[in-house]
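Asker: Below is one structure. I have some questions about it.
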Amino acid sequence: MVRPRSESRQLVVDERSESEPAAELSEFLDLYGNRSQRLVLPPGDVALRYEASVEASDDPDSVDLHALQRPVEHLPHETLLYTLPSRYCLSDELMGAAWELFAGSPTGWGRVQAVCDWVFDHLGFRYGSSSPLTTAVDVYRDGAGVCRDFTHLGITFCRALNIPARYVFGYIPEIDVPPSEQPMDFCAWMEVYLSDRWWTFDPRNNDTMPRRGRVVIGRGRDALDVAMVTTYGRIELTSMEVIAEPAAATRTSPGQGP
(Lines give C-alpha, C1' and ligand atoms only; values in the text may rest on other atoms or scores of the structure.)
Protein backbone atom coordinates (compact mmCIF):
# COMPACT_ATOMS: atom_id res chain seq x y z
CA MET A 1 0.00 0.00 0.00
CA VAL A 2 2.01 2.94 -1.34
CA ARG A 3 -0.36 4.48 -3.91
CA PRO A 4 -1.87 7.84 -2.89
CA ARG A 5 -5.63 8.09 -2.65
CA SER A 6 -7.46 10.16 -5.26
CA GLU A 7 -9.69 12.64 -3.47
CA SER A 8 -10.61 16.30 -3.28
CA ARG A 9 -7.31 17.61 -1.90
CA GLN A 10 -5.05 15.45 -4.05
CA LEU A 11 -5.11 14.09 -7.60
CA VAL A 12 -2.82 11.36 -8.88
CA VAL A 13 -1.66 12.69 -12.26
CA ASP A 14 0.47 9.74 -13.31
CA GLU A 15 2.05 6.73 -11.65
CA ARG A 16 4.20 3.72 -12.39
CA SER A 17 4.69 0.45 -10.52
CA GLU A 18 7.23 -2.22 -11.34
CA SER A 19 8.93 -5.22 -9.83
CA GLU A 20 12.21 -6.92 -10.66
CA PRO A 21 11.90 -9.74 -11.55
CA ALA A 22 8.49 -9.00 -13.04
CA ALA A 23 5.45 -10.09 -11.01
CA GLU A 24 1.82 -9.66 -12.01
CA LEU A 25 0.03 -6.95 -10.01
CA SER A 26 -3.68 -6.83 -9.26
CA GLU A 27 -5.32 -3.75 -7.77
CA PHE A 28 -8.30 -3.29 -5.48
CA LEU A 29 -9.90 -0.90 -2.99
CA ASP A 30 -9.85 -2.19 0.57
CA LEU A 31 -12.56 -1.83 3.21
CA TYR A 32 -11.58 1.81 3.85
CA GLY A 33 -11.29 2.84 0.20
CA ASN A 34 -7.49 2.66 0.14
CA ARG A 35 -5.83 1.83 -3.20
CA SER A 36 -4.03 -1.46 -2.69
CA GLN A 37 -1.90 -3.77 -4.82
CA ARG A 38 -1.56 -7.52 -4.53
CA LEU A 39 1.18 -9.71 -6.00
CA VAL A 40 2.93 -13.06 -5.60
CA LEU A 41 6.68 -12.66 -5.14
CA PRO A 42 9.02 -15.26 -6.64
CA PRO A 43 11.75 -16.80 -4.46
CA GLY A 44 14.96 -14.80 -4.15
CA ASP A 45 15.69 -11.08 -4.21
CA VAL A 46 12.89 -8.81 -5.40
CA ALA A 47 12.94 -5.05 -5.97
CA LEU A 48 9.66 -3.11 -5.89
CA ARG A 49 9.45 0.46 -7.19
CA TYR A 50 6.63 2.97 -7.28
CA GLU A 51 6.70 6.54 -8.61
CA ALA A 52 3.91 9.08 -9.00
CA SER A 53 3.15 12.72 -9.63
CA VAL A 54 0.40 14.10 -7.42
CA GLU A 55 -1.37 17.45 -7.48
CA ALA A 56 -1.81 18.20 -3.78
CA SER A 57 -3.28 21.20 -2.03
CA ASP A 58 -0.75 23.93 -1.28
CA ASP A 59 -2.79 25.07 1.72
CA PRO A 60 -1.39 24.29 5.18
CA ASP A 61 -3.29 22.02 7.57
CA SER A 62 -6.60 23.67 8.43
CA VAL A 63 -7.04 25.11 11.92
CA ASP A 64 -10.28 26.06 13.69
CA LEU A 65 -9.84 26.78 17.36
CA HIS A 66 -13.63 26.88 17.72
CA ALA A 67 -14.31 23.40 16.28
CA LEU A 68 -16.62 21.57 18.70
CA GLN A 69 -16.69 18.08 20.10
CA ARG A 70 -20.07 16.54 19.29
CA PRO A 71 -21.89 14.49 21.94
CA VAL A 72 -21.76 10.79 21.12
CA GLU A 73 -25.51 10.69 20.47
CA HIS A 74 -25.05 13.31 17.73
CA LEU A 75 -22.08 11.71 15.97
CA PRO A 76 -22.66 10.43 12.42
CA HIS A 77 -23.02 6.66 12.27
CA GLU A 78 -19.87 6.20 10.19
CA THR A 79 -17.67 7.87 12.83
CA LEU A 80 -18.61 5.52 15.67
CA LEU A 81 -16.10 2.90 14.50
CA TYR A 82 -13.35 5.38 15.30
CA THR A 83 -14.41 5.74 18.94
CA LEU A 84 -13.72 2.06 19.66
CA PRO A 85 -10.52 0.27 20.74
CA SER A 86 -8.50 -1.35 17.95
CA ARG A 87 -5.41 -3.56 17.61
CA TYR A 88 -2.86 -0.90 18.55
CA CYS A 89 -5.12 1.78 20.08
CA LEU A 90 -6.34 0.25 23.35
CA SER A 91 -8.48 3.18 24.43
CA ASP A 92 -10.34 1.07 27.00
CA GLU A 93 -7.06 0.38 28.83
CA LEU A 94 -6.00 4.04 28.87
CA MET A 95 -9.43 5.52 29.55
CA GLY A 96 -8.63 6.31 33.18
CA ALA A 97 -5.34 7.96 32.29
CA ALA A 98 -6.98 10.00 29.52
CA TRP A 99 -9.65 11.44 31.77
CA GLU A 100 -7.17 12.11 34.55
CA LEU A 101 -4.90 14.01 32.15
CA PHE A 102 -7.42 15.88 30.01
CA ALA A 103 -10.71 16.23 31.89
CA GLY A 104 -9.76 19.80 32.78
CA SER A 105 -8.95 20.86 29.24
CA PRO A 106 -11.53 22.69 27.09
CA THR A 107 -13.63 20.40 24.93
CA GLY A 108 -13.34 20.38 21.16
CA TRP A 109 -10.22 21.66 19.43
CA GLY A 110 -8.57 22.64 22.70
CA ARG A 111 -8.84 19.13 24.11
CA VAL A 112 -7.40 17.46 21.01
CA GLN A 113 -4.57 19.98 20.97
CA ALA A 114 -3.93 19.25 24.65
CA VAL A 115 -3.61 15.56 23.74
CA CYS A 116 -1.13 16.35 20.96
CA ASP A 117 0.88 18.65 23.25
CA TRP A 118 1.09 15.98 25.94
CA VAL A 119 2.12 13.22 23.54
CA PHE A 120 4.78 15.42 21.95
CA ASP A 121 6.15 16.57 25.31
CA HIS A 122 6.21 13.12 26.97
CA LEU A 123 7.44 10.86 24.18
CA GLY A 124 10.96 10.77 22.82
CA PHE A 125 11.37 10.07 19.11
CA ARG A 126 13.67 7.08 18.89
CA TYR A 127 14.20 4.66 16.02
CA GLY A 128 14.16 1.03 17.13
CA SER A 129 12.22 1.76 20.32
CA SER A 130 9.12 -0.11 19.12
CA SER A 131 8.24 -3.21 17.13
CA PRO A 132 5.25 -4.42 15.08
CA LEU A 133 3.73 -5.64 18.35
CA THR A 134 3.99 -2.32 20.22
CA THR A 135 0.64 -0.84 21.28
CA ALA A 136 -0.26 2.62 22.56
CA VAL A 137 -0.23 1.21 26.09
CA ASP A 138 3.40 0.15 25.62
CA VAL A 139 4.29 3.58 24.24
CA TYR A 140 2.56 5.33 27.15
CA ARG A 141 4.54 3.18 29.58
CA ASP A 142 7.92 3.36 27.83
CA GLY A 143 7.82 7.02 26.76
CA ALA A 144 9.40 6.60 23.32
CA GLY A 145 8.51 5.66 19.78
CA VAL A 146 8.40 6.67 16.13
CA CYS A 147 5.71 8.66 14.30
CA ARG A 148 3.27 5.73 14.18
CA ASP A 149 3.57 5.36 17.98
CA PHE A 150 2.98 9.08 18.60
CA THR A 151 -0.10 8.78 16.39
CA HIS A 152 -1.39 5.62 18.08
CA LEU A 153 -1.17 7.23 21.51
CA GLY A 154 -2.89 10.42 20.33
CA ILE A 155 -5.70 8.39 18.75
CA THR A 156 -6.06 6.25 21.86
CA PHE A 157 -6.45 9.24 24.15
CA CYS A 158 -8.98 10.88 21.81
CA ARG A 159 -11.11 7.72 21.59
CA ALA A 160 -10.99 7.32 25.36
CA LEU A 161 -12.43 10.86 25.52
CA ASN A 162 -15.23 9.93 23.06
CA ILE A 163 -13.67 11.87 20.19
CA PRO A 164 -13.57 9.93 16.88
CA ALA A 165 -9.98 9.59 15.65
CA ARG A 166 -8.51 7.64 12.74
CA TYR A 167 -5.01 6.75 11.58
CA VAL A 168 -3.54 8.27 8.40
CA PHE A 169 -0.51 6.97 6.53
CA GLY A 170 1.24 8.91 3.78
CA TYR A 171 4.02 11.15 2.55
CA ILE A 172 5.06 14.52 4.00
CA PRO A 173 7.55 16.49 1.89
CA GLU A 174 9.80 18.90 3.77
CA ILE A 175 8.20 22.21 2.80
CA ASP A 176 8.78 25.33 4.94
CA VAL A 177 10.56 23.26 7.61
CA PRO A 178 14.28 22.61 8.20
CA PRO A 179 15.44 19.43 6.42
CA SER A 180 15.71 16.41 8.68
CA GLU A 181 19.07 14.80 9.36
CA GLN A 182 17.40 11.38 9.05
CA PRO A 183 16.51 9.72 5.73
CA MET A 184 12.94 10.37 4.61
CA ASP A 185 10.38 7.74 5.55
CA PHE A 186 6.67 7.11 5.32
CA CYS A 187 4.75 9.17 7.87
CA ALA A 188 1.76 8.74 10.15
CA TRP A 189 -0.63 11.30 11.57
CA MET A 190 -4.27 11.33 12.67
CA GLU A 191 -7.60 12.85 11.70
CA VAL A 192 -10.12 13.78 14.37
CA TYR A 193 -13.83 14.44 13.91
CA LEU A 194 -14.95 17.79 15.35
CA SER A 195 -18.01 19.91 14.49
CA ASP A 196 -19.00 18.39 11.15
CA ARG A 197 -15.72 17.25 9.51
CA TRP A 198 -12.38 15.51 9.91
CA TRP A 199 -9.35 17.61 10.89
CA THR A 200 -5.63 16.83 10.61
CA PHE A 201 -3.55 16.63 13.79
CA ASP A 202 0.06 15.47 13.97
CA PRO A 203 1.40 14.59 17.44
CA ARG A 204 4.87 13.83 16.05
CA ASN A 205 5.30 17.22 14.29
CA ASN A 206 3.36 19.16 16.91
CA ASP A 207 6.16 21.70 17.36
CA THR A 208 6.17 22.92 13.76
CA MET A 209 3.85 25.19 11.84
CA PRO A 210 0.89 23.50 10.07
CA ARG A 211 2.43 21.38 7.32
CA ARG A 212 1.84 21.72 3.57
CA GLY A 213 1.86 19.07 0.90
CA ARG A 214 0.61 16.05 2.83
CA VAL A 215 -0.22 13.16 0.50
CA VAL A 216 -2.55 10.54 1.96
CA ILE A 217 -1.94 6.90 1.07
CA GLY A 218 -4.44 5.30 3.43
CA ARG A 219 -6.78 5.69 6.36
CA GLY A 220 -7.94 3.14 8.93
CA ARG A 221 -8.37 2.37 12.60
CA ASP A 222 -4.62 2.07 13.19
CA ALA A 223 -1.42 0.93 11.46
CA LEU A 224 -2.78 -2.60 11.04
CA ASP A 225 -5.32 -1.36 8.48
CA VAL A 226 -2.82 0.63 6.42
CA ALA A 227 0.40 -1.36 6.61
CA MET A 228 2.83 -0.51 3.82
CA VAL A 229 3.35 -4.24 3.21
CA THR A 230 1.35 -7.20 4.47
CA THR A 231 3.06 -10.52 3.73
CA TYR A 232 2.09 -14.16 3.88
CA GLY A 233 5.19 -16.24 4.33
CA ARG A 234 8.77 -15.43 5.31
CA ILE A 235 10.22 -12.21 3.89
CA GLU A 236 13.08 -9.91 4.84
CA LEU A 237 13.22 -6.20 4.04
CA THR A 238 16.83 -5.41 3.15
CA SER A 239 16.51 -1.74 2.16
CA MET A 240 13.96 0.99 1.52
CA GLU A 241 14.13 4.50 0.07
CA VAL A 242 11.32 7.04 0.28
CA ILE A 243 11.40 10.35 -1.60
CA ALA A 244 8.58 12.91 -1.46
CA GLU A 245 9.33 16.39 -2.70
CA PRO A 246 7.88 19.26 -4.74
CA ALA A 247 8.02 18.60 -8.49
CA ALA A 248 10.37 21.55 -9.01
CA ALA A 249 13.00 20.03 -6.73
CA THR A 250 15.95 18.09 -8.10
CA ARG A 251 15.58 14.38 -7.47
CA THR A 252 18.54 12.73 -5.77
CA SER A 253 17.75 9.29 -7.21
CA PRO A 254 15.66 9.53 -10.41
CA GLY A 255 13.17 6.73 -10.80
CA GLN A 256 13.88 5.24 -7.39
CA GLY A 257 11.18 5.11 -4.74
CA PRO A 258 8.00 7.22 -4.30
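The values are calculated or read from the model by the stated rules, or taken from the named source; none is laboratory data. Everything quoted here is computed from the prediction, not taken from an experiment. Cβ: placed from backbone, ideal geometry, glycine included. Neighbour counts: every protein chain shown.
Asker: Across the range 176-191, what is the number of residues that are among the hydrophobic types (A, V, I, L, M, F, W, C) and either part of a loop (DSSP other than H, G, I, E, B) or in contact with a Leu (Cβ under 6 Å, 6 or more places away or on another chain) (or both)?
Answerer: Step one: of the range 176-191, the residues among the hydrophobic types (A, V, I, L, M, F, W, C) are 177, 184, 186-190.
Okay, now just the ones that are also either part of a loop (DSSP other than H, G, I, E, B) or in contact with a Leu (Cβ under 6 Å, 6 or more places away or on another chain) (or both), so 177, 184, 186.
So the count comes out to 3.
Asker: Right, another one. Can you go through T238, T208, T200 and tell me which one is surrounded by fewer than 19 Cβ atoms within 10 Å (Cβ to Cβ), assigned to a strand (DSSP E or B) and among the polar types (S, T, N, Q)?
Answerer: Among T238, T208, T200, only T200 is surrounded by fewer than 19 Cβ atoms within 10 Å (Cβ to Cβ), assigned to a strand (DSSP E or B) and among the polar types (S, T, N, Q).
Asker: Can you tell me which residues in the range 1-16 are charged (D, E, K, R) and either part of a strand (DSSP E or B) or more than 16 Å from G170 (Cα to Cα) (or both)? Spell out the reasoning first.
Answerer: Residues of the range 1-16 that are charged (D, E, K, R), as a first pass: 3, 5, 7, 9, 14-16.
Once the filter is applied, which keeps residues that are charged (D, E, K, R) and either part of a strand (DSSP E or B) or more than 16 Å from G170 (Cα to Cα) (or both), the range 1-16 yields E7, D14, E15, R16.
Asker: So, one more: For the range 107-147, name all the residues that are within 30 Å of P71 (Cβ to Cβ), part of a loop (DSSP other than H, G, I, E, B) and over 18 Å from the mean Cα position of the chain (by Cα).
Answerer: Of everything in the range 107-147, those that are within 30 Å of P71 (Cβ to Cβ), part of a loop (DSSP other than H, G, I, E, B) and over 18 Å from the mean Cα position of the chain (by Cα) turn out to be T107, G108.
Asker: Another question, then. Considering (1) more than 24 Å from the chain's Cα centre (by Cα); (2) surrounded by 11 or more Cβ atoms within 10 Å (Cβ to Cβ); (3) under 30 Å from R141 (Cβ atoms), say which one L25 fails and leave the rest.
Answerer: Every condition holds for L25 apart from (3).
Asker: Condition first: within 22 Å of H152 (Cα to Cα) and assigned to a loop (DSSP other than H, G, I, E, B). Now tell me which residues in the range 69-78 satisfy that. So that I can check it myself, show each step before the final result.
Answerer: Within the range 69-78, the subset within 22 Å of H152 (Cα to Cα) is 69-70, 72, 75, 78.
Residues satisfying the conditions are Q69, R70, L75.
Asker: If only one of S53, S19 is out of contact with any Cys (no Cβ under 6 Å at 6 or more places or on another chain), loosely packed, with under 14 Cβ neighbours inside 10 Å and not in a loop (DSSP other than H, G, I, E, B), which one is it?
Answerer: One residue alone meets the criteria, S53.
Asker: Within the range 221-243, how many residues are within 14 Å of the chain's Cα centre (by Cα) and either free of Cβ contacts under 8 Å to residues at least 24 places away in the same chain or at positive phi (or both)? Break it down stepwise before answering.
Answerer: Narrowing the range 221-243 to residues within 14 Å of the chain's Cα centre (by Cα): 221-228.
Subsequent filtering for residues that are either free of Cβ contacts under 8 Å to residues at least 24 places away in the same chain or at positive phi (or both) retains none.
Final tally of qualifying residues: 0.
Asker: Residues to consider are D59, D64; find the one that is loosely packed, with under 13 Cβ neighbours inside 10 Å and in contact with a Phe, Trp or Tyr (Cβ under 9 Å, 6 or more places away or on another chain). Talk me through it step by step, then tell me what you get.
Answerer: Numbers: D59 fails: in contact with a Phe, Trp or Tyr (Cβ under 9 Å, 6 or more places away or on another chain).
Selected residue: D64, the only one of D59, D64 that is loosely packed, with under 13 Cβ neighbours inside 10 Å and in contact with a Phe, Trp or Tyr (Cβ under 9 Å, 6 or more places away or on another chain).
Asker: Checking L123 against (1) crowded, with 24+ Cβ neighbours inside 10 Å; (2) closer than 17 Å to C187 by Cβ; (3) not aromatic (F, W, Y), only one condition comes out false. Which one?
Answerer: (1)
Asker: As an exercise: evaluate L81 against (1) in a loop (DSSP other than H, G, I, E, B); (2) at pLDDT 95 or above and give the number of the one condition it does not meet.
Answerer: The failed condition is (1).
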